[in-house]
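For reference, the structure is listed below as structure tokens.
The values are calculated or read from the model by the stated rules, or taken from the named source; none is laboratory data. Model, not experiment: these values are computed from the prediction. Here Cβ is always computed from backbone atoms with ideal geometry, including for glycine, and neighbour counts include all displayed protein chains. Just so you know, the surface numbers come from the protein's heavy atoms only, side chains and all, with ligands and any DNA or RNA stripped out. Shrake-Rupley method; radii C 1.70, N 1.55, O 1.52, S 1.80 Å.
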Amino acid sequence: MKVSPGHGGREPLAAFLRARRNGVRPEHHRLATGAQRRVPGLRRDEVALLAGISTDYYVRLEQGRERRPSPAVVEGLCEALLLDAVAARHLRELSAPVTSMGGGEAPRMGTDRLEAVHQMLRSMTVPALLVNRWLDIVDTNPLGDLLHEGLEPRDNYARLVFLARGAQAFFTEWPELARCMVAALRAQSGSEAGSARLRRLLEELSAHSDVFRSAWGGHHLYEKTMDRKRFRHPRLGALALDQHVLELPGSEGHRIWAFHAADDATANALRCLLPPAPPSGRPAVRTPEPQAVWAGAAQASAIAAVSQ
């Protein structure tokens with residue numbers, strides 16, 4: 001996976017610029033190096049020169065006294081700081097006028113679209129979750145439920161990874177997953193950095209997880225597409241799954257995470273998660289419909305009912 005480094009702070013744009021400046025070595029731009037340099041990366045005047053702006057203006061950006069650089073300035077900074085596509089998009093979002101929801105509500109999908117996606121999830125034969133930009137778990141299919149059984153809370157995947165008891169044993173590569181969760185949240189937070197709802201989530205994670213707090217301060221950016229995940233399920237043991245991220249255009253950033261068995265052993269194990277088929281001639285019991293966003297306690301009850 002490709003991860004872009006950055007740094008957080010009270011002024012997201014200023015903090016991001018400082019971190020990226022420190023991460024670019026002078027030799028990357030064929031600038032002179034030597035023992036007299038006092039910073040590990042570029043100097044402010046060097047970034048300004050490379051971006052085609054005055055040093056004074058760049059200093060104001062890094063100090064948070066200027067927060068809305070023009071598109072031309074942003075593109076110059078992208079080149080000077082050698083930003084990849086994910087980091088460049090993040091910088092553009094941090095530099096754009098604030099358009100996030102004033103009340104800080106979570107990103108929402110229209111009712112009709114949500115119902116259509118819900119039906120699609122139910123038809124899928126692999127574990128699948130519907131998540132929004134902030135990693136809230138908006139919906140899931142029965143296999144998605146049962147894949148994560150025993151872990152609470154399960155209303156948000158970042159909360160599940162950092163706060164659920166037993167998560168570090170369940171996710172066999174937990175340190176790497178934790179790093180990716182933080183980086184994914186950071187990458188999605190640029191356009192909504194001022195959201196009260198997002199801020200509460202970040203404060204909760206920081207208060208209860210030293211690992212999250214440290215990783216958020218290091219500010220990496222990660223955009224998930226496909227990845228191999230290894231779980232140690234409480235009933236099934238070791239599982240290897242390929243996680244695919246399916247974009248849903250026009251859905252306020254919602255995505256489907258589908259987990260496909262990476263080997264025959266995992267495929268056979270997943271079949272054991274499904275309840276047995278009803279006897280011939282008897283109607284199947286209808287599985288209760290999940291709520292759009294479900295609470296941990298209610299989800300645990302649903303899992304227990306399906307597993308019996």
Self-check item: Checking Glu149 against (1) open to solvent by 10 Å² or more (accessible area, probe 1.4 Å); (2) in a helix (DSSP H, G or I), the condition it does not meet
Solution: (2)
Practice problem: Please give the number of the condition Leu201 fails out of (1) at pLDDT below 95; (2) outside any helix (DSSP H, G or I). | Solution: (2)
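Looking only at segment 72-88, how many residues end up being more than 21 Å from Ser189 (Cβ to Cβ) and either open to solvent by 40 Å² or more (accessible area, probe 1.4 Å) or of a type in the set (Lys, Arg) (or both)? Show your work before the answer.
Start the filter on segment 72-88 by keeping residues that are more than 21 Å from Ser189 (Cβ to Cβ), which leaves 72-73, 75-76, 79-80, 82.
From what is left, the residues that are either open to solvent by 40 Å² or more (accessible area, probe 1.4 Å) or of a type in the set (Lys, Arg) (or both) are 72, 75, 79, 82.
Looking only at that region, the number is 4.
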Exercise. Inspect all residues belonging to segment 63-71 and state whether any of them is at pLDDT 90 or above, in a helix (DSSP H, G or I) and open to solvent by 10 Å² or more (accessible area, probe 1.4 Å).
Key: yes
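Here is a yes/no grid of residues against (1) surrounded by 12 or more Cβ atoms within 10 Å (Cβ to Cβ); (2) modelled with pLDDT of 85 or more; (3) farther than 19 Å from Asn132 by Cβ; (4) in contact with a Gly (Cβ under 9 Å, 6 or more places away or on another chain):
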{"site": "Ser189", "(1), (2), (3), (4)": "yes, no, no, no"}
{"site": "Leu205", "(1), (2), (3), (4)": "yes, yes, no, no"}
{"site": "Lys224", "(1), (2), (3), (4)": "yes, no, no, no"}
{"site": "Leu241", "(1), (2), (3), (4)": "yes, yes, yes, no"}
{"site": "Leu246", "(1), (2), (3), (4)": "yes, yes, no, no"}
{"site": "Ser251", "(1), (2), (3), (4)": "yes, no, no, yes"}
{"site": "Ala267", "(1), (2), (3), (4)": "yes, yes, yes, no"}
{"site": "Leu273", "(1), (2), (3), (4)": "yes, no, yes, no"}
{"site": "Ala295", "(1), (2), (3), (4)": "yes, no, no, no"}
Quiz item: Inside segment 1-41, can you point out the residues that are at pLDDT below 85, over 30 Å from Arg228 (Cβ atoms) and buried (at least 20 other Cβ atoms within 10 Å of the Cβ)?
Solution: Pro12
